[in-house]
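Take a look at the structure set out below.
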Amino acid sequence: MFRISSFNILSKIAKKLPPEKHILILRPCAIGDLIITLPALHALREYFPNAYIEIMGYPSYLEIVHGRFYANAMSRFDQSDVSSLFRKNALLPDTLTKRFSKFDLIIAFVSDKDTIFSENLKKSGARKVLCYNPFPNNSEPVHISNHFLNFLKLLEIPYSNTSPIIYLNEEDLKAGKDFFRDNAPNAGQKTIAIHPGSGSIHKSWPFINYSSIIHWLIERLNAQIFIIKGPADTVVAKNAGNLPKKNICVIDNQPLPKLAAILQQCDLFIGNDSGITHLAAAMGISMLSIFGPTDPAVWGPRGKSVNICYRPTSCSPCSDEVRKTCFPKICLESITTENIQKEILCSLPLL
């Protein structure tokens, strides 16, 4: 069992790793957290180009990497035998040790303050195990993607990019083109994707503001609006009746590869601090992200054309606990629809 504690120890590990192997990466997380890990996963794939790499997490999110450069296979983290890894002095099930012992290297991006998880994982039968905290220390003002890239530095694995890259296959691209064929605008009409939701309502710009922007985009630009709605975006379903009846298409809970292919063809994306915003940034389209209680210097999306609208206040950024009871949220309410309109006009110069 090896833990991230010493540059010299990890350097020795890296030098002993053969060029071809079976690697398991544990990354149980939501879509945004997965995407911010992609630069590190990209470097791992380049360093082990012929390796069989399996990523264990949540399948609905892992679709974006499975069979698309990063992973040969994916598996579920939320299985009963995996849960034994979180129990102190657990006797690991044969089903788990049989699977894990096939791997030459396991990399676990899992929080493990009490070391129970890592102590159990070292009994899995894998040849080598590396554990790394997926969250940087509060004292480290580092972008979250750089935090994962720092893991690579400790292993002396080089990397060439710091922004996430998503590789779509032909089926994904066809699905996106088919969607545009059925729902896209006339030639020359601007297409703007908007995701008014987030993994937390406390990070979301008020929907009434998004509604105002949508009305303005249609009246001013005759734009076609694609509103993205996921299973947790109840705010969209609740307020859909207040939206215009024309130039609106709701993209409801689509598979991530198809959604990525749709986003790639849009002229602009607008959204909160959310996983879908990170997805849009990774597709390289022009985008405007609205931040309030979270720090974009740490959690901001990275991509070719990212514009972040953030009005720092005396209380922002704040903790999860604080933001749940903070009303009104001046960090978000200080961003006006006029601010966003100006940003949109700058992002869409060819009007």
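The values are calculated or read from the model by the stated rules, or taken from the named source; none is laboratory data. Here the structure is a predicted model, which means the values were calculated and not measured. For neighbour counting, all protein chains shown are included, and Cβ atoms are generated from backbone atoms with ideal geometry for every residue, glycine included. Just the protein is used for accessible areas: all its heavy atoms, side chains included, with ligands, DNA and RNA removed. Shrake-Rupley method; radii C 1.70, N 1.55, O 1.52, S 1.80 Å.
Numbers at a glance
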| quantity | calculated |
| --- | --- |
| Estimated D of the stretch 199-351 in µm² per second, where Rh is the Kirkwood radius over Cα pairs and Stokes-Einstein applies at 25 °C, 0.890 mPa s | 153 µm²/s |
| The chain - mean residue ellipticity at 222 nm from DSSP helices (-39,500 (n - 2.57) per run, n ≥ 4, rounded to 500) | -10500 deg cm²/dmol |
| J(HN,Hα) series, the stretch 290-303, from Karplus relation 6.51 cos²θ - 1.76 cosθ + 1.60, nearest Hz, glycine and proline x | 9, 10, x, x, 9, 8, x, 5, 9, 10, x, x, 10, x |
| Given charges at Cβ of Lys, Arg, Asp, Glu: the chain dipole, positive-most of H202, T234, I55 | I55 |
| Between 0 and 90°, nearest 10: helix 337-347 axis offset from the chain longest Cα axis | 80 degrees |
| √(5λ) per eigenvalue of the Cα gyration tensor, the stretch 103-183, largest first, Å | 34, 19, 14 |
| Globularity index of the stretch 154-235, i.e. its alpha-carbon radius of gyration over 2.2 N^0.38 Å | 1.50 |
| Separation of the K246 and T313 label points, Cα + 7 Å toward Cβ, nm | 3.8 nm |
| Solvent-accessible area per residue, Å², over the chain with all protein chains present [probe radius 1.4 Å] | 46 Å² |
| Subset of K203/K245; K229/K342; K88/K324; K128/K324 violating a 29 Å alpha-carbon distance limit | K88/K324; K128/K324 |
| Phi to ³J(HN,Hα) by Karplus 6.51 cos²θ - 1.76 cosθ + 1.60 over the stretch 112-122, Hz, x for Gly, Pro | 8, 5, 8, 6, 4, 4, 5, 5, 6, 4, 5 |
| Rounded accessible area of Y61 (nearest 10 Å², 1.4 Å probe) | 80 Å² |
| Nonlocal amide H pairs with S75, under 5 Å, H built at 1.01 Å | I55, M56, G57 |
| Diffusion constant of the chain at 20 °C, which comes from Stokes-Einstein with the Kirkwood Cα-pair radius and 1.002 mPa s, µm²/s | 99 µm²/s |
| For K190, residues with placed amide H under 5 Å, excluding near neighbours | Q224 |
| Residues with amide H under 5 Å from that of I251, placed H, sequence gap 5 or more | I227, I228, K229 |
| Distribution of pairwise C-alpha distances over the stretch 59-128, 5 Å bins, in % | 3, 15, 23, 26, 18, 11, 3, 0 |
| Heavy-atom accessible surface of the chain: percent carbon and sulfur, 1.4 Å | 52 percent |
| Stokes-Einstein D in µm²/s, Kirkwood radius over Cα pairs - the stretch 105-255 at 20 °C with 1.002 mPa s viscosity | 108 µm²/s |
| Longest segment of the chain lacking GluC sites (Glu not before Pro) that sit in a DSSP loop with at most 16 other Cβ atoms within 10 Å | 157-351 |
| Cα centroid separation, the stretch 285-320 to the stretch 115-168 (Å) | 23 Å |
| Given charges at Cβ of Lys, Arg, Asp, Glu: the chain dipole, positive-most of N150, I165, Y310 | N150 |
| Size of electric dipole in the chain: Cβ of Lys, Arg +1 and of Asp, Glu -1, about Cα centre, debye, nearest 20 | 580 debye |
| With at most 11 neighbouring Cβ atoms within 10 Å, loop trypsin sites (Lys or Arg not before Pro) (DSSP) excluded, longest segment of the chain | 114-244 |
| Isotropic mean projected area of the C-alpha convex hull, the stretch 295-351 (nm²) | 5.0 nm² |
| Hz values of 3J(HN,Hα) by residue in the stretch 211-216 - Karplus curve (6.51, -1.76, 1.60), Gly and Pro given as x | 4, 5, 5, 4, 4, 5 |
